[in-house]
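Chemist: Following this message is one structure expressed as structure tokens.
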Amino acid sequence: MRNAFADEITKIAQSDPSVVLLSGDIGNRLFDKYKESCSDRFINCGVAEANMVTMGSGLAMSGMKPVAYTIASFLIYRAFEQIRVDLSYHDAAVLLVGVGGGLSYASNGSTHHTLEDIALMRSLPNMQVICAGDPLEVRAATNAFFNDPKPTYLRIGKKGEPCVHDRPLEKFQVGKSICIKRGHSVALLATGNLLSNSSILSDKLDESGIPSSLYSFHTIKPLDKECLEEVFRTHDFVVTIEEHGLLGGFGSAVAEWLAVQTKTKARLLRIGTPDQYLLYSGNQEAARQTCRIDPVGLLEQIKHFIGLT
């Protein structure tokens, strides 16, 4: 995903002289092509994420289109006060790009896990929250920001994520989910890093005789309420899937919406990481297995929920 972002932001900056890329002392080689053509609009802010956010807010209010890029755990947790006061409060159109969302940096331990960021960011007024599910969604979401600049948090993975979509997303819209597959029994609503696992899960459910739909809910704020109305009306079960804690994340957003509805059919299951620190150092796939958000663990949880185990 990060390679897709680097390529896309380079293309955009080459045609738009108002784009400024701020880095929190990472991605130096990643952005070599960007710096070759836009060297005067690349600023390495160092290990000073709070200053980077404040700088971005000032640039936005001066008519520029700033992008602040660094590891998600450092961008959100270290700089949350500046994001809240300098960016969100002023409705400053800065694109915050958090690389390595969820368990992407699992091998670095809990300090690098980003499992509370969605909860924090969706609590802020004026803030859009987008969790890209594959490299094509990264490209589309990056372009969407520049088509209509608003305070935005774009949460991406790290590297090696497969493409789930089979073509560029020319009709991508912030706040509008994407239906990848239609069934009628279980609706899988996936966001961010787990879109690929959710696609595998959907096929496994079909093989088990459980017809499933699959939606990419790339935008958590604003939430696609029209889609939620449809899936809760037309399915027996709805499952939210995210590489984020169950408190305050995507599943919480859907549950909050559901709590005030009066005409719904489906039951809701929220799947995410447990409410505890993952005191484990290993790769992302092993961490997902520990949290039961790998395809096998996801399938077991859903079958138990719908009463098949």
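The values are calculated or read from the model by the stated rules, or taken from the named source; none is laboratory data. In this text, all values refer to a predicted model and were calculated from it rather than measured experimentally. Every residue, glycine as well, gets a Cβ built from its backbone with ideal geometry; the counts of neighbours run over all protein chains shown. Quick note on the areas: whole protein, heavy atoms, side chains included, nothing else; ligands and nucleic acids left out. Shrake-Rupley method; radii C 1.70, N 1.55, O 1.52, S 1.80 Å.
Chemist: Suppose only helical runs count, i.e. DSSP H with n ≥ 4. What mean residue ellipticity at 222 nm does that imply for the chain under -39500 (n - 2.57) per run, divided by all residues and rounded to the nearest 500 deg cm²/dmol? Walk me through the numbers before you get to the answer.
Modeler: Working: 10 runs with 105 residues, N = 309.
Helix-only estimate at 222 nm: -10000 deg cm²/dmol.
Chemist: Binning at 10 angstrom from zero up to the longest distance, how are the C-alpha pair distances of segment 1-72 distributed in percent?
Modeler: All Cα pairs, binned at 10 Å, distribute as 21, 57, 22 percent.
Chemist: Could you give the nm distance between label points at Lys35 and Glu170, where each point is 7 Å from its Cα heading toward the beta carbon?
Modeler: Going from the Lys35 label point to the Glu170 one covers 3.6 nm.
Chemist: Share of antiparallel DSSP beta bridges in the chain, in percent to the nearest 5?
Modeler: Of the beta bridges lying entirely in the chain, close to 15 percent run antiparallel.
Chemist: Counting Lys and Arg as +1 and Asp and Glu as -1, what is the net charge of the other residues whose Cβ lies under 12 Å from the Cβ of Val186?
Modeler: So the environment of Val186 carries a net charge of +3.
Chemist: With a 1.4 Å probe and all protein chains kept in place, how do Arg270, Arg139, Arg84, Arg41 rank by accessible area, largest first?
Modeler: So the residues, ranked largest to smallest area, are Arg84, Arg270, Arg139, Arg41.
Chemist: Taking every DSSP beta bridge with both residues inside segment 178-294, roughly what % is antiparallel (nearest 5)?
Modeler: 15
Chemist: Which aspartates and glutamates, on any chain, are close to Lys33 with Cα under 18 Å apart, when same-chain ones fewer than 8 places away are left out?
Modeler: Qualifying aspartates and glutamates at Cα under 18 Å: Asp7, Glu8, Asp16, Asp25.
Chemist: With every protein chain left in place, what is the accessible area of Lys303 in Å² (1.4 Å probe, nearest 10)?
Modeler: That residue has around 50 Å² of solvent-accessible surface.
Chemist: Between beta-carbons, use under 14 Å as the cut-off and find the net charge around Asp32, counting Lys and Arg +1, Asp and Glu -1.
Modeler: Values: positive: Arg2, Arg29, Lys33, Lys35; negative: Asp7, Glu36.
Surrounding charge for Asp32 is +2.
Chemist: For Gly102, which sequence-distant residues (separation of 5 or more, or a different chain) have an amide H within less than 5 Å of its own amide H, given hydrogens modelled in the peptide plane?
Modeler: Distant-sequence amide H within range of Gly102: Thr114.
Chemist: Once label points are set 7 Å from the Cα along Cα→Cβ at both Asn51 and Glu226, what is their separation, rounded to one decimal in nm?
Modeler: 4.6
Chemist: Using 20 Å as the cut-off for backbone N distance, which residues of segment 172-208 belong to the label zone defined by a point 7 Å from the Cα of Gln261 along Cα→Cβ?
Modeler: 175-192
Chemist: Which net charge results for the neighbourhood of Ser23, defined as the other residues with beta-carbon distances under 13 angstrom from its beta-carbon, given Lys and Arg at +1 and Asp and Glu at -1?
Modeler: Details: positive: Arg2, Arg29, Lys35, Arg41; negative: Asp25, Asp32, Glu49.
Its environment carries a net charge of +1.
Chemist: To the nearest 10 square angstrom, what accessible area does Met64 show with a 1.4 Å probe?
Modeler: Approximately 60 Å² of Met64 is accessible to the 1.4 Å probe.
Chemist: So what's the angle, to the nearest 10 degrees on a 0 to 90 scale, between helix 49-61 and the longest Cα principal axis of the chain?
Modeler: For 49-61 against the chain, the angle is about 80 degrees.
Chemist: Using the alpha-carbon atoms, what tilt in degrees (0 to 90, nearest 10) does helix 250-259 show relative to the longest principal axis of the chain?
Modeler: Its long axis makes an angle of about 60 degrees.
Chemist: Arrange the residues Glu243, Glu285 by how much accessible surface each exposes, largest first, with a 1.4 angstrom probe.
Modeler: Glu285, Glu243
Chemist: Whole number in Å², please: accessible area per residue of the chain, 1.4 Å probe, ligands, DNA and RNA not counted.
Modeler: Value returned for the chain: 42 Å² of accessible area per residue.
Chemist: Pairs Lys11/Lys225; Lys176/Lys263; Lys176/Lys265; Lys11/Lys158; Lys35/Lys171: which exceed 28 Å Cα-Cα?
Modeler: Listed pairs above 28 Å: Lys11/Lys225; Lys35/Lys171.
Chemist: Which percent, to the nearest 5, of DSSP beta bridges fully inside segment 92-208 are antiparallel? Don't skip to the answer; put the middle values down first.
Modeler: Details: 1 of 9 bridges.
If we restrict to bridges inside segment 92-208, about 10 percent are antiparallel.
Chemist: Further, regarding this structure: Given axes a ≥ b ≥ c from the Cα gyration tensor, I'd like to know whether segment 167-260 is rounded (a/c under 1.5), prolate (a/b larger than b/c) or oblate.
Modeler: Judged from the Cα gyration tensor, segment 167-260 comes out rounded (a/c under 1.5).
Chemist: Let me cross-check Asp86: its accessible surface, 1.4 Å probe, with only protein heavy atoms counted, in Å² to the nearest 10?
Modeler: Only protein atoms counted, so the area is about 40 Å².
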